[in-house]
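Here the structure is laid out as structure tokens; the discussion comes afterwards.
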Amino acid sequence: MHRVFRYIVFVVALVVGAVRLHAQELKLGAEFTTLFDNREYASMTFDGSGTLFSACLSPEVGIVWAERNELMFGIDMIQDFGHDAKFLSDIAPSFYYGYRAPRVKLFAGIIPRDEMRGLRSSLYFDRRYTYYNNNIAGVLARYENPSFGSSYLEFAMDYTGMRSYDTRESFMIMMSGYMPIKWFYMGFDFLMGHYAKDYNPDTNDGVVDNLMLTPFVGADISIPTSLRDVNLDVRVTYVQSLQRDRIMEGVWETPRGGEVFVEVEWYDVRLSNRLYLGRGSLFTYFDRYGEDLYHGSPLYRTDRGIYDAVELSYCRSFFDGTVSVEAGMTMEYDGTGWGTRQWLSVGAKLGYGINLKRKQHYIE
């Protein structure tokens with residue numbers, strides 16, 4: 001706990017000093033999330049049963065100057081539930097510089113993951129991974145074009161491991177793009193992962209390259225009814241993977257396939273089906289490196305050529321969007337058996353800006 005208090009004192013000192021120099025606005029915020037995620041996969045082969053029940057509190061404070069620049073400091077405090085759980089199961093700081101213009105967004109440092117818009121599929125990041133890894137460490141840049149609705153082009157790098165004697169080097173380079181044209185849309189997601197062995201000569205690990213490209217097209221249609229519109233989203237995705245363990249096999253593996261996603265939403269209730277059909281395991285070396293290398297849903301590592309997920313969920317925001325509730329159940333098939341996943345998430349997100357009405361002083 002001492003390092004937490006030292007970090008808080010350090011942050012307060014920096015903010016106070018910055019305010020005295022040239023800050024125009026003081027930003028205060030906090031985000032709270034509690035997540036229950038239960039998996040019952042006894043009849044399945046490619047993932048195991050288990051329950052996650054935890055809460056995360058992320059306070060944040062920072063300064064804004066010249067309207068578009070910000071320097072933010074925060075901390076993620078996670079507490080797993082259960083009588084054997086220790087006080088504060090995990091603590092992770094975040095601090096980053098951000099530049100926010102109408103078309104360009106730039107971030108550098110330890111950045112909240114929800115600043116990213118791309119790679120939302122569970123093929124790339126499972127719910128369990130994003131909950132415990134709420135930040136990306138590196139850079140994030142995005143270009144947005146309001147002339148084409150919510151279109152964007154995004155680049156990010158997340159450096160997750162610096163090589164040492166007993167730590168493997170690992171990082172991810174990510175790109176994504178999206179463009180809507182009326183009810184039609186198209187886009188892509190791309191991830192290049194690198195996972196290298198440590199300096200310990202006794203460690204029997206390789207140097208792995210993991211590339212995943214998923215271009216997609218879709219239609220987002222609103223169907224009028226007498227009560228409320230029914231929203232229909234249909235998306236077709238091509239999945240291409242390139243993977244190589246340079247030391248072990250040294251050859252490129254090329255699993256690939258296609259995915260069809262259909263979702264119907266009415267009165268905050270969503271019913272969807274996600275069907276993947278392919279050749280080869282998309283997570284070729286999962287048995288060797290596991291979740292250290294692959295961060296998506298382990299069910300995508302199936303080698304049976306099929307993964308299907310039928311999901312029923314409810315999602316709604318309250319109090320001007322500051323409180324959100326999401327609950328649902330998924331029935332999943334990995335080619336060997338059916339399993340169920342149930343989840344409940346309650347979150348709160350608050351933000352407050354204080355305009356500093358005083359003469360500004362700048363130091364060169």
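Annotations for the structure displayed:
- For Pro112, the criteria (1) touching a strand residue (DSSP E or B) at 6+ places or on another chain (Cβ under 8 Å); (2) more than 22 Å from Val217 (Cβ to Cβ); (3) surrounded by fewer than 16 Cβ atoms within 10 Å (Cβ to Cβ) hold in every case but one, which is (3).
- Flag if Gly193 is small (Gly, Ala, Ser), under 23 Å from Arg120 (Cβ atoms), free of Cβ contacts under 8 Å to residues at least 60 places away in the same chain and buried (at least 16 other Cβ atoms within 10 Å of the Cβ): no
- Per the listing Gly347, Gly335, Gly353, Gly339, the residue uniquely closer than 16 Å to Arg127 by Cβ and either among the hydrophobic types (A, V, I, L, M, F, W, C) or more than 21 Å from the chain's Cα centre (by Cα) (or both) is Gly339.
- Top-ranked residue in the stretch 89-140 [being among the β-branched types (Val, Ile, Thr) and farther than 12 Å from His295 by Cα; ranked as modelled with the lowest pLDDT]: Ile91
- Per-region count, the stretch 88-106, residues out of contact with any Gly (no Cβ under 8 Å at 6 or more places or on another chain) and touching a residue at least 60 places away in the same chain (Cβ under 8 Å): 2
- Subset of the stretch 142-157 that is in contact with a Leu (Cβ under 9 Å, 6 or more places away or on another chain) and under 23 Å from Pro112 (Cβ atoms) - its residue that is surrounded by the most Cβ atoms within 10 Å (Cβ to Cβ): Ala156
- Checked against (1) surrounded by fewer than 19 Cβ atoms within 10 Å (Cβ to Cβ); (2) touching an Asp or Glu at 6+ places or on another chain (Cβ under 8 Å); (3) under 23 Å from Tyr314 (Cβ atoms); (4) of a type outside the set (Gly, Ala, Ser), Arg288 passes all but condition (3).
- Scope the stretch 142-166; condition under 30 Å from Pro201 (Cα atoms), outside any strand (DSSP E or B) and touching a strand residue (DSSP E or B) at 6+ places or on another chain (Cβ under 7 Å); matching residues: Met162, Arg163
- A search for C-beta distances below 7 Å between a residue of the stretch 243-267 that is part of a loop (DSSP other than H, G, I, E, B) and any residue that is surrounded by 14 or more Cβ atoms within 10 Å (Cβ to Cβ) and among the aliphatic types (A, V, I, L, M), counting only pairs 6+ apart in sequence or on different chains, returns Arg246/Val207; Ile247/Val207; Trp252/Leu242; Thr254/Leu242; Pro255/Leu282.
- Figure legend. Inter-residue proximity from the stretch 153-166: first residues under 13 Å from Ile110 (Cβ atoms), second residues modelled with pLDDT of 90 or more and aromatic (Phe, Trp, Tyr), beta-carbon distance below 8 Å, spacing 6+ or different chains. Indicated pairs: Met157/Phe171; Asp158/Phe171; Tyr159/Phe171; Thr160/Phe171.
- Residue in the stretch 317-325 that is among the β-branched types (Val, Ile, Thr), surrounded by 14 or more Cβ atoms within 10 Å (Cβ to Cβ) and either at pLDDT below 95 or over 19 Å from Val262 (Cα atoms) (or both) present: yes
- Looking only at the stretch 200-224, and only at residues there that are without any contact (Cβ under 8 Å) to a residue 40 or more places away in the chain and in a loop (DSSP other than H, G, I, E, B), the one that is surrounded by the fewest Cβ atoms within 10 Å (Cβ to Cβ): Asp202
- Failed item in (1) touching a strand residue (DSSP E or B) at 6+ places or on another chain (Cβ under 7 Å); (2) modelled with pLDDT under 90; (3) among the aliphatic types (A, V, I, L, M), with Leu277 passing the rest: (2)
- For the stretch 153-167, the tally of residues that are of a type in the set (S, T, N, Q) and out of contact with any Ser or Thr (no Cβ under 7 Å at 6 or more places or on another chain) stands at 2.
- Just one of the listed residues (Tyr185, Tyr178, Tyr238) is within 19 Å of the chain's Cα centre (by Cα) and either assigned to a strand (DSSP E or B) or surrounded by fewer than 19 Cβ atoms within 10 Å (Cβ to Cβ) (or both), and it is Tyr178.
The values are calculated or read from the model by the stated rules, or taken from the named source; none is laboratory data. As the structure is a computational prediction, the values presented were derived from the model and not from experiment. Backbone-built Cβ (ideal geometry, glycine too); neighbour counts: all protein chains shown.
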